[in-house]
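Only one structure is covered here, and it is reproduced in the block below.
The values are calculated or read from the model by the stated rules, or taken from the named source; none is laboratory data. Note that the structure is predicted; figures quoted are calculated from it, not measured. Glycine gets a Cβ as well: all are built from the backbone with ideal geometry, and neighbour counts include every protein chain shown.
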Amino acid sequence: MTGFDKQMFATSLGQNALPPFGGGQCAHFVREALEAAGADTTGHPVSAKDWGPTLFQAGFTVVTDVPYVAELGDVVVIQPTSRNLARPGLSARETAA
């Protein structure tokens, strides 16, 4: 992805979202880190579960590798489940696996 600084993304997450893991504001902290790293998040949604199109627009792609091995800069969109309808979220990779 052109112009995206993975290290800046990780640094921003580490400085702002951790600890204690965002306190339910994952989308906010991931958005700030994306922007700090050079990603365009114009028109971003509020709910983390709806971030897929914004991430595609910014140059992210779907990873279909099995098994999945997280890499620096990865962002995972977590959809709600029947047990957790109110708390879907975003998970971002702050450090290399």
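In region 33-53, the residues that are at positive phi reach residues that are among the aliphatic types (A, V, I, L, M) with C-beta atoms within less than 8 angstrom, at least six apart or across chains, in these pairs: GLY38/MET8. When the residues of region 64-84 are filtered to those that are assigned to a loop (DSSP other than H, G, I, E, B) and among the hydrophobic types (A, V, I, L, M, F, W, C), the one that is surrounded by the fewest Cβ atoms within 10 Å (Cβ to Cβ) is VAL66. Residue check: is THR41 in a loop (DSSP other than H, G, I, E, B) and surrounded by 13 or more Cβ atoms within 10 Å (Cβ to Cβ)? Criteria met by THR41.
Of the residues making up region 29-49, one or more are modelled with pLDDT under 90, of a type outside the set (S, T, N, Q) and in contact with a helix residue (DSSP H, G or I) (Cβ under 6 Å, 6 or more places away or on another chain). Just one of the listed residues (PHE4, PHE60, PHE9) is surrounded by 15 or more Cβ atoms within 10 Å (Cβ to Cβ) and in contact with a helix residue (DSSP H, G or I) (Cβ under 6 Å, 6 or more places away or on another chain), namely PHE9.
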